[in-house]
Amino acid sequence: MSLKHQSLHLRLLADVEERVAHYRSLVAPDSVNLSTAENILLFDFYKDHLFNATKPFTVGDLRYPSKFYGSNAFLDSWASFLNQAWGGGNWLTAQDVYAVGGTSAALECLAFILGTPGDSAISPAPLWYGFPWSFAQRPRVSFVPFDLAEKGIDKFVLTLEDVKRAYNSVRPQPKFLVLTNPNNPLGGNYPRETLNAIYKWVLEETQMHIISDEIYFLSQVGGGEPFVPALTLEAVREAGEVGRERVHAVWGLAKDFGMSGFKVGFVISHNQKVHTMMQGDATLRTMAWFTPFDSLKQHTLAPLFLSGDGLPNPALAQKAMKLYAGPEATALLKTQYSATRESLISARLKFHDHNSSAIFFWLDLREFLDHVPLADGSEQQELHKAVHPDIDPREERLSEYITSSSGVSLIPGQECFSREPGFFRMCYTAEPKDKVVAGIGRMGRALHALITS
């Protein structure tokens, strides 16, 4: 395929991770992938306890499931698992949790159920670039990122004043506030005090619904602000039933459990309209019909959440999470994080040092922006422009330089709606530890060579 056709193909891909992956397959197939938000740390555990232990398939595993959003046993088990993971208590019942085909589908379901075409959603930037598709592509809800201006757009500290400013700048007034906690791409949890202030104001002074994307909530390395689930906040409890019905969460197995390709996400809500639309009735097909927790997923994932007799039992899921991000210093995520952080410090690369959760480092590479040589017109450089066509040319050139000089792929910050160029998102769980460390070393040497040469 010619360069022109390859460039056109890349521009037609909406997902920046798809564009980066396709570009890597063409010019750097052996590069270290630190761009895709994937997690391979539990693969050996799954080989031993899940994939090789799955019961034989039967004809029933190829039939329609009894419920497209999860059987009663699964629903009970997920509610139990989340209640325990949220610190104990009876926060959820089985009717509050619905499985769908991925967390993006869960967001889309909430946008369809609670919004109408022409409504808007606001969300603090930098943020996950998939939010606009989840709200706007089919539900036709406009998605409006807003900067963290109160503390400065490069300080990345969300405040109530930022939310108020964004709310008052959009007309008609927004229908949704969307928060990611832990944060993608920054890592880190929002402080309880900040969340309570924001939720209290939203629930008392506006009619907005709050959607909390908590897909990374179990990916904690410690040492920072503790994670607080949205539905357990004091401000939500104090708002009573009416307020509680305007707070929703989504979660999934893609990140904490490292099962991106399985596409399993959850709508979590106390809202009666959400319950009705997700369950369906005699006149309304369940929303999960269009994005189901299908029979093959149920068969494969049963050992994680069900007993051998098919009863609710999330013991293996809890064991997996203890190995992955438990309190021991040897937990897989902690050792991966520590090795990555030490490598970045050794490579003299700056990063946002408040990422005690999620699976990212937010790199500050602004010092290298103006040192990348101008493009010489090579095919690789021309092709790379199609990967990131809408960002600052300096950030695009720096991104291409990192890949070509060190064999490492990252996500440029402006793809995450970062206003200022020069920041990059790095996912440290998408590759084995030794590849991550080696790639960071090469990247550091290549970047500092720009300044010293």
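Applying the criterion of being among the small types (Gly, Ala, Ser) and surrounded by fewer than 17 Cβ atoms within 10 Å (Cβ to Cβ) to the residues of the stretch 260-300, the residue that is farthest from residue 112 (Cα to Cα) is 261.
In this structure, residue 105 does not qualify as in a strand (DSSP E or B) and surrounded by 21 or more Cβ atoms within 10 Å (Cβ to Cβ). Within the stretch 108-133, the set of residues being of a type in the set (Val, Ile, Thr) and assigned to a helix (DSSP H, G or I) comprises 113 only.
If I filter the stretch 195-204 for residues that are assigned to a loop (DSSP other than H, G, I, E, B) and at pLDDT 95 or above, do I get at least one hit? For the stretch 195-204, residues assigned to a loop (DSSP other than H, G, I, E, B) and at pLDDT 95 or above: absent. For the stretch 351-375, a residue qualifies if it is in contact (Cβ under 8 Å) with a residue 60 or more places away in the chain and in a loop (DSSP other than H, G, I, E, B), and the qualifying residues are 352, 354, 355, 356, 358, 359, 365, 372. If the condition is being among the small types (Gly, Ala, Ser) and in a loop (DSSP other than H, G, I, E, B), then the stretch 292-311 contributes 307, 308, 310.
When each of 366, 348 is tested for being among the charged types (D, E, K, R) and exposed (fewer than 14 other Cβ atoms within 10 Å of the Cβ), the lone residue that passes is 348.
Pairing each residue of the stretch 220-249 that is in a helix (DSSP H, G or I) and modelled with pLDDT of 95 or more with any residue that is among the polar types (S, T, N, Q) and surrounded by fewer than 21 Cβ atoms within 10 Å (Cβ to Cβ), provided the two are 6+ apart or on different chains, yields C-beta distances under 7 Å for 234/196; 235/196.
Once the stretch 323-336 is narrowed to residues that are touching a residue at least 24 places away in the same chain (Cβ under 8 Å), over 18 Å from residue 84 (Cβ atoms) and of a type in the set (A, V, I, L, M), the residue that is surrounded by the fewest Cβ atoms within 10 Å (Cβ to Cβ) is 332.
Residue 303 meets the conditions (1) surrounded by fewer than 21 Cβ atoms within 10 Å (Cβ to Cβ); (2) touching a His at 6+ places or on another chain (Cβ under 8 Å); (3) not assigned by TED's automatic domain parsing to the domain that holds residue 157 in every case but one. The failed one is (3). Contact annotation: residue pairs with Cβ atoms under 8 Å, 6 or more positions apart or on different chains, pairing a residue in the stretch 305-322 that is touching a residue at least 40 places away in the same chain (Cβ under 8 Å) with a partner that is among the hydroxyl-bearing types (Ser, Thr, Tyr) and not in a helix (DSSP H, G or I), are 313/307. Residue 189 meets the conditions (1) part of a loop (DSSP other than H, G, I, E, B); (2) free of Cβ contacts under 8 Å to residues at least 60 places away in the same chain; (3) polar (S, T, N, Q) in every case but one. The failed one is (2).
From the list 99, 121, 79, 125, the lone residue that is free of Cβ contacts under 8 Å to residues at least 40 places away in the same chain, assigned by TED's automatic domain parsing to the domain that holds residue 233 and in contact with a helix residue (DSSP H, G or I) (Cβ under 8 Å, 6 or more places away or on another chain) is 79.
In the set 419, 394, 425, only one residue is outside any helix (DSSP H, G or I), surrounded by fewer than 21 Cβ atoms within 10 Å (Cβ to Cβ) and not hydroxyl-bearing (Ser, Thr, Tyr); that residue is 419.
Confirm whether residue 225 is assigned by TED's automatic domain parsing to the domain that holds residue 201 and either crowded, with 21+ Cβ neighbours inside 10 Å or touching a helix residue (DSSP H, G or I) at 6+ places or on another chain (Cβ under 9 Å) (or both).
yes
Pull up the stretch 235-255, narrow it to residues that are within 25 Å of residue 196 (Cα to Cα) and of a type in the set (D, E, K, R), then point me to the one that is surrounded by the fewest Cβ atoms within 10 Å (Cβ to Cβ). Here the answer is 241.
Filtering the stretch 138-161 to residues that are within 28 Å of residue 422 (Cα to Cα) and either of a type in the set (S, T, N, Q) or touching a Phe, Trp or Tyr at 6+ places or on another chain (Cβ under 7 Å) (or both) leaves 142, 143, 145, 148, 158, 159, 160.
The values are calculated or read from the model by the stated rules, or taken from the named source; none is laboratory data. Computed from a prediction, not measured in an experiment: that's the story for all the values here. In this analysis, Cβ positions are derived from the backbone assuming ideal geometry, glycine residues included, and neighbour counts consider all displayed protein chains.
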